[in-house]
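Read through the structure below, which is laid out as structure tokens, and then see the notes.
The values are calculated or read from the model by the stated rules, or taken from the named source; none is laboratory data. Values in this document were obtained by computation on a predicted structure and should not be read as measured data. Here the Cβ is made from the backbone with ideal geometry for all residues, glycine too, and neighbour counts use every protein chain on show. In case anyone asks, the SASA skips ligands and DNA or RNA and just uses the protein heavy atoms, side chains included. Shrake-Rupley method; radii C 1.70, N 1.55, O 1.52, S 1.80 Å.
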Amino acid sequence: MLNRHLLWLLFFTNFLGTIYGYYWYKNQLIYTMNEYSNWFLFVVPDSPTASLFFTISILYLLVDEYRDDSKKNGFLRGIIEVFGLITSVKYGIWAVVMIFAAAAQGDAMVWQDWMLTVSHLGMAIEAMLFVRFFGFKLIHIIPVGIWTLFNDVVDYKYDVFPWLPAELRDDLLEIQIFTILLSILSIFAAYIGLKYRVNNRE
């Protein structure tokens, strides 16, 4: 898993996916900038921000061999790693569920939907595979968990959640509940990953 060729492949795949993800949100970002305060821009592009933090986490693994041990477990790195983990699991699952929920209500599945399904499942899977190589601690999970739930509150209180297919617009309450539960599940997954890593090092 820590083969440098594999890490570089994952780094560039996630890096390019992050760029594409922000482009995907282009219209919503422009709309948000025109209709809301600029700080709302930070809570709009969920998936690309998740992949951005995971990309940085992979970069940390790539440069570890050039750093002394005292710099491998800094507070900022722990925040970045756990942010990439929690949000990649959350939005990786969330996007796939929304795509198939819309399809079940009559939305036509096009090639972009299949591309998004594969890429978002990949986000969730790679995050869980690499959690054992990260160095975050419980102190990092707490603020990221608070931010993740705060993001949910802002999304559905001010309607800045990711734009949904028309078929799902009448299911907002159910989607909000599902999103919050998924946030809690993703935070718990980070905690389980932490416990697994610690127990296997003892």
Checklist entry - If you look for lysine pairs in the chain that are eight or more places apart or on different chains, how many of them have Cα atoms under 27 Å apart? => result 11
Checklist entry - Can you tell me the accessible area per residue over the stretch 1-60, all protein chains present, probe 1.4 angstrom, in square angstrom? => result 58 Å²
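On the protein heavy atoms, probe 1.4 angstrom, tell me the percent of accessible surface of the stretch 137-181 carried by carbon and sulfur. Intermediate values should be presented prior to the final figure.
Working: 1830 of 2550 Å².
The C+S portion of the solvent-accessible surface of the stretch 137-181 is 72 percent.
Multiply the residue gap between Val153 and Trp111 by 0.36 nm, knock off their C-alpha separation, and tell me the result in nm, one decimal place.
12.0 nm
Can you pull the Kirkwood radius for the stretch 60-132, inverse mean 1/r over Cα pairs, to one decimal in Å? Could the numbers behind the result be given before it?
Working: mean 1/r = 0.0707 Å⁻¹.
Across the stretch 60-132, the inverse of the average 1/r is 14.1 Å.
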Checklist entry - Once every DSSP H run of n ≥ 4 in the chain is given -39500 (n - 2.57) and the sum is divided by its residues, what mean residue ellipticity at 222 nm do you get, rounded to the nearest 500 deg cm²/dmol? => result -25500 deg cm²/dmol
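For the chain, return all DSSP H helices satisfying: extent of Cα atoms along own axis at least 30 Å; mean Kyte-Doolittle hydropathy at least -1.0.
Numbers: long enough: 75-104 (43 Å, 1.65); 172-201 (43 Å, 1.03).
Within the chain the helices that satisfy the rule are 75-104, 172-201.
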Next on the checklist: Per residue, how much accessible surface does the stretch 146-192 expose to a 1.4 Å probe? Answer in Å², no decimals.
Outcome noted: 56 Å²
Checklist entry - Considering only DSSP states other than H, G, I, E and B, which trypsin sites (Lys or Arg not before Pro) in the stretch 1-67 qualify as loop sites with at most 13 other Cβ atoms within 10 Å? => result Arg67
